[in-house]
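Just so it is clear, none of the values below were taken in a lab; they were calculated from the coordinates. These numbers come from a predicted model, not from an experiment. Reconstructed Cβ throughout: ideal geometry from the backbone, glycine too, with neighbour counts over all protein chains shown.
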Amino acid sequence: MVYVTRRATFSSSHILYNPELSDEENFALFDKCANKMGHGHNYVLEVTVAGEPSQKTGYVIDLKKLKEIVKREILDKVDHKHLNYEVDFLSGIIPTAENIAKGIWSVLEPKIKEGRLYSVRLHETENNSVEYRGE
């Protein structure tokens, strides 16, 4: 099995807030991330596709194709956007790094036709990242 990874970056803002809870409960859970004005991150996204290289091309997936898919399906929708209000695949969920990674997976998984989507890793900060490998 060969694993091919494409890295991309985007900047977005979000609020970590559960509308079913009081402001006090939200601040106890999410601290300054519950600020109603929101806050931003410069995210690093790594999309990994697994498979056997094609006999014809030697590729698991053509990295140009993977780059185009990630740009069209994810980056164009999230870059310089407010994740709570402007991103359809995150509608109605608290946009934690965990939920963002799961949302990205749900969008990309049916679009990858060569190999199979193996993981979505999202770095929210230099020190914090999550990885999702499907359900």
Tabulate in residue order the Karplus-calculated ³J(HN,Hα) for the stretch 41-52, using 6.51 cos²θ - 1.76 cosθ + 1.60 with θ = phi - 60°, rounded to whole Hz; enter x for Gly and Pro.
9, 9, 7, 10, 10, 10, 10, 10, 10, 10, x, 9
Mean residue ellipticity at 222 nm from the helices of the chain, using -39,500 (n - 2.57) per DSSP H segment of n ≥ 4 over the full residue count, to the nearest 500 deg cm²/dmol?
-6500 deg cm²/dmol
Sort out for me the Cα centre separation of the stretch 1-77 from the stretch 92-135, rounded to whole Å.
6 Å
Computed magnitude of the charge dipole of the chain (debye, nearest 20; Cβ of K, R +1, Cβ of D, E -1)
840 debye
For a bin width of 5 Å, list the pair-distance distribution of the stretch 60-108 built from all Cα-Cα distances, rounded to whole %.
4, 21, 30, 23, 11, 7, 3, 0
Sequence neighbours fewer than 8 away in the same chain don't count; with that in mind, list the lysines whose C-alpha is under 23 Å from K111.
K56, K64, K65, K67, K71, K77, K81, K102
Once the dipole of the stretch 23-135 is set up with Lys and Arg at +1 and Asp and Glu at -1 on Cβ about the Cα centre, which of V87, G38, P53 lies farthest towards its positive end?
P53
Please provide three numbers in whole Å: the alpha-carbon extents of the stretch 1-134 along the principal axes, with the largest listed first.
59, 25, 24
Skipping prolines and chain starts, which residues have an amide H placed within reach, meaning under 5 Å, of the one on S129, given they are 5 or more residues away or on another chain?
E124
What are the aspartates and glutamates whose alpha-carbon lies under 15 Å from the alpha-carbon of K36, with same-chain residues fewer than 8 places away excluded?
E20, D23, E24, E25
Farthest towards the positive end of the dipole of the chain, among S22, L63, A101 and with Cβ unit charges of +1 on Lys and Arg and -1 on Asp and Glu, lies the Cα of L63
Can you tell me the relative contact order of the stretch 1-124? Whole percent, Cα pairs under 8 Å, sequence separation 6 or more.
34 percent
